[in-house]
1. Can you work out the Karplus-derived ³J(HN,Hα) for every residue in segment 318-326? Use 6.51 cos²θ - 1.76 cosθ + 1.60 with θ = phi - 60°, whole Hz, and x for glycine or proline.
2. For the chain, set up a Gaussian network in which alpha carbons nearer than 10 Å are linked by springs, and say which option among Thr233, Thr60, Thr98 fluctuates the most.
3. Using only the Cα atoms of the chain, what are the Rg and Dmax in Å?
4. Within the chain, what percent of beta bridges assigned by DSSP are antiparallel, to the nearest 5?
5. Between His280 and Gln323, what is the label-to-label distance in nm when each label sits 7 Å out along the Cα-to-Cβ direction?
6. For Asp142, Asp167, Asp22, what ranking results if the residue with the fewest other Cβ atoms within 10 Å of its Cβ goes first?
7. Compute the projected area of the convex hull of the Cα atoms of segment 293-388, averaged over all viewing directions, and report it in nm² to one decimal place.
8. At R0 = 30 Å, how high is the FRET efficiency between Leu375 and Asn204 if r is their beta carbon distance? Nearest 0.05 is fine.
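No value in this document is a laboratory result; all are computed from the given coordinates. The model shown is predicted, which means the values in this text are computed figures rather than measured ones. Virtual Cβ from ideal backbone geometry, glycine too; neighbours counted across all protein chains shown.
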Amino acid sequence: MRKINLDKFKRIERETKEINIDPLQTGGKIPEFTKPSLITWLDGYSICDFCPGSLFDLKTPPVKLFVEEILPEFLGCDQTRITHGAREGKYAIMHAVTKPGDWIVVDANAHYSSIVAAERAKLNIKKTEKPAEPEYKINPEDYKKALEEIEDGTGNPAALALLTYPDGSYGNLPDAKKISEICKSKGVPLILNGAYSVGRMPLNMKELGADFIVGSGHKSMAASGPVGVLGTTEEYAEKLFRRSEYYPAKEVEMLGCTVRGMPAVSLMLSFPFVQERVKHWEKEVENARWFSEQMEKQEIAVQYGEKPHNHDLMFFMSEKLYQISKKHKKRGFFLYQGLKKRGISGIKPGLTKQFKLSTYGLEKEDLEKVINALLEIIEENNHFLNDQ
Ligand SMILES: *Cc1c(COP(=O)(O)O)cnc(C)c1O
């Protein structure tokens, strides 16, 4: 057997830069003030000290209060649970309300985790029509068409529909209300995938007309994950939160208890901060639009996806950075390294032609620093652009 040196495991630490624009991480940064409390929950199963038989009945720490009163109001739904993440929520819903071979309609911009969850639930997947460049918008009509095609093809309505709100590629926010009305008129329940919205922006499941909502704690609720939230109406709660025949305190789709330690506490500790920050969503959208404008005005890159943009997650295409990468000895990595040197991280190493970033939670001065850094990097490499 290969002898492995375990020294590598003696010190595993993370290094971060002052300004992080990684869309995966901007909304999941935990508030400093939660750290002293969090450190008391690091041991395994720490949350179970006063377990009454089910995680969701815990009074200390206050999971029951959080799940029964606080989250339902925050999400605009009747019943909620804490999950390990958005994907676990989606899978639980799919598994609970469909049977293998049923159809699900998802938007063409859906996240891979929605597709994989549907595969695991053994569903047939229909995507809405491919959206048009450069905005890649999902239209309510696309849902109508996809749902009707399934009805015509199988003789039955689809078992479920899912809308990614917003999607993780372009940060587009489709007209969820209109889409939910279409689904309702066809008798198809709708899942709202709020991995990039719940905890960032104000959102109300019932007002948008959805039957289920999932969110991601580590992506958008300032929590140390893996952790997520799941919500539904009274109508679907019974099915989704069905109890075990053998262990009546345990819910089957939740496998009894979900998040059994520190991440659940992190979600709750951060909640007051999250509840406050969603009130300032307009400022976040303003910042995102300002950033997008600067990228285009200064001829750094062009923003794809909805314009004007309504979310902090944005997709850019840069012909300039791409041209430099073709001649630079570091290839595409010059961009990552140039930004790192200037205290900025979050654009994937190697990417130049197209990349995503997020302006969430950053101050205007920090966004200015990012723009200036990009301009400096281009200036530094200008000779690669001129000698054609
Ligand atoms: C990140 C992301 C997810 C996955 O969230 P998890 O909580 O990690 O499961 C799902 N959907 C979208 C659109 C995402 O961007």
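1. 10, 5, 4, 4, 5, 4, 4, 4, 6
2. Fluctuation is largest for Thr60.
3. 22.5, 74
4. Values: 20 of 37 bridges.
Just about 55 percent of them are antiparallel.
5. Simple spin-label model gives 3.9 nm for this pair.
6. Taking fewest neighbouring Cβ atoms as first place, the list is Asp22, Asp142, Asp167.
7. Values: hull surface 23.7 nm².
With every direction weighted equally, the projected area is 5.9 nm².
8. Details: r = 40 Å, r/R0 = 1.35.
E between Leu375 and Asn204, to the nearest 0.05, is 0.15.
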